[in-house]
């Protein structure tokens, strides 16, 4: 019999939303009414799963899959393997045999079929193919307490954390659902005054450490990885803020005027015996004038759609630090492209000089929107001083869209030079 814990089933947990439930019943011809409530939809799916062992496995596999979707905090770590483990990783049979020693054989491989305690349990590990090459998927789960201070209610929840190791680029990806007011679970009555507070980040770190131990991951230079990640984020910014063809055409037609203005500025700066613009600096003046021209064309362009159409994403916020540790932060209105704001062009020279960006909030286009979903979703990506790239998905996002964003960072380094 299939038994789905409240951690995954309850509406306010948001692990599985109504559009996703409706997609399942539609795909598998589960009989329901059009106006079924979320709880009833779940009950019908459970009834469907209990009809046969085959259907039961189908439902449980589906739950294992969809709990990896939704609102997520994700960390990306560069995690190179030592030579002996790298050789082992080439043989999936030997690799899974090595990892199997860490899998708890006393539990079901399905997330929602187990009772968990205070420590993370590795319930399953497997290899899968992806756009970024072959990966090892680790599924962990444990119990935590979540406390509602307004209602003064505490409940025990299952807390799954999924790790994926991409063999080709040696990247470790760890994802969990962000929650506030989390406390360590103990097998006794909850006492708020004595309870130990925890966070999504702390729990994620435990999984990072566990997977690194299983795979004998080598230590890396955090600052070197940090620069590489910031450069990759910059390259995404560059990719999704290309000058629209309409504006580029105006600028090309004005090129002779730009050179003329640039020469006049150079001439104005000449003071015999005291000041003169050297030849190698005159191109900087050309670029500055072009940047000013693009700035005023972009912020006053009537059709703002030119900054969005035919693009998979566009930025609405970014932050960066220059070589003198001066901090830049820019924000557009929630749905407006940052490229339509003057501040973007005011700081563009610094961004392109350093080819580095601390973080960006993008609006990203969905690959296959489920009925009822918005066409685009927000995602925040940032790189910190520990050599970690963090992604925050604050709206329900399906797995293929999450992976599309992650792969954009992983593949950036493969297609361009840092």
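Brief remarks on what is shown
- Highlighted here are the strands (runs of 3 or more DSSP E) found entirely within the stretch 133-226 that include at least 3 residues which are within 23 Å of residue 69 (Cβ to Cβ): 133-148, 153-166, 171-176.
- Checking each residue in the stretch 32-63 for being crowded, with 20+ Cβ neighbours inside 10 Å and either in the same structural domain as residue 410 (by TED's automatic domain parsing) or under 30 Å from residue 210 (Cβ atoms) (or both) picks out 59, 63.
- Filter result for residue 227 (over 30 Å from residue 140 (Cβ atoms), crowded, with 18+ Cβ neighbours inside 10 Å and under 22 Å from the mean Cα position of the chain (by Cα)): no
- When restricted to residues that are closer than 20 Å to residue 304 by Cα and touching a residue at least 12 places away in the same chain (Cβ under 8 Å), the stretch 367-390 contains 4.
- Failed criterion for residue 384 (all others in (1) in contact with a helix residue (DSSP H, G or I) (Cβ under 8 Å, 6 or more places away or on another chain); (2) farther than 20 Å from residue 224 by Cα hold): (2)
- The residues listed here are 122, 88, 96; of these, the one that is under 18 Å from residue 60 (Cα atoms) and either part of a helix (DSSP H, G or I) or at pLDDT 95 or above (or both) is 122.
- Selection of strands (runs of 3 or more DSSP E) fully inside the stretch 251-369 by the criterion of at least 1 residues being modelled with pLDDT of 90 or more and closer than 25 Å to residue 406 by Cβ returns 313-321, 359-365.
- Of the candidates 74, 63, the single residue that is in a helix (DSSP H, G or I) and either touching a helix residue (DSSP H, G or I) at 6+ places or on another chain (Cβ under 9 Å) or without any contact (Cβ under 8 Å) to a residue 12 or more places away in the chain (or both) is 63.
- Within the stretch 182-200, considering residues that are in contact with a strand residue (DSSP E or B) (Cβ under 7 Å, 6 or more places away or on another chain) and surrounded by 15 or more Cβ atoms within 10 Å (Cβ to Cβ), the one modelled with the lowest pLDDT: 195
- Tally, over the stretch 201-211, of residues that are surrounded by fewer than 18 Cβ atoms within 10 Å (Cβ to Cβ) and touching a residue at least 12 places away in the same chain (Cβ under 8 Å): 2
- Test: residue 102 is outside the structural domain of residue 380 (by TED's automatic domain parsing), surrounded by fewer than 18 Cβ atoms within 10 Å (Cβ to Cβ), on the phi < 0 side of the Ramachandran plot and assigned to a loop (DSSP other than H, G, I, E, B): yes
- The residues of the stretch 15-31 that are part of a loop (DSSP other than H, G, I, E, B) and either surrounded by 12 or more Cβ atoms within 10 Å (Cβ to Cβ) or in the same structural domain as residue 110 (by TED's automatic domain parsing) (or both), listed by number, are 15, 16, 17, 28, 30.
The values are calculated or read from the model by the stated rules, or taken from the named source; none is laboratory data. Given the structure is predicted, the values throughout are model-derived calculations rather than measurements. Glycine gets a Cβ as well: all are built from the backbone with ideal geometry, and neighbour counts include every protein chain shown.
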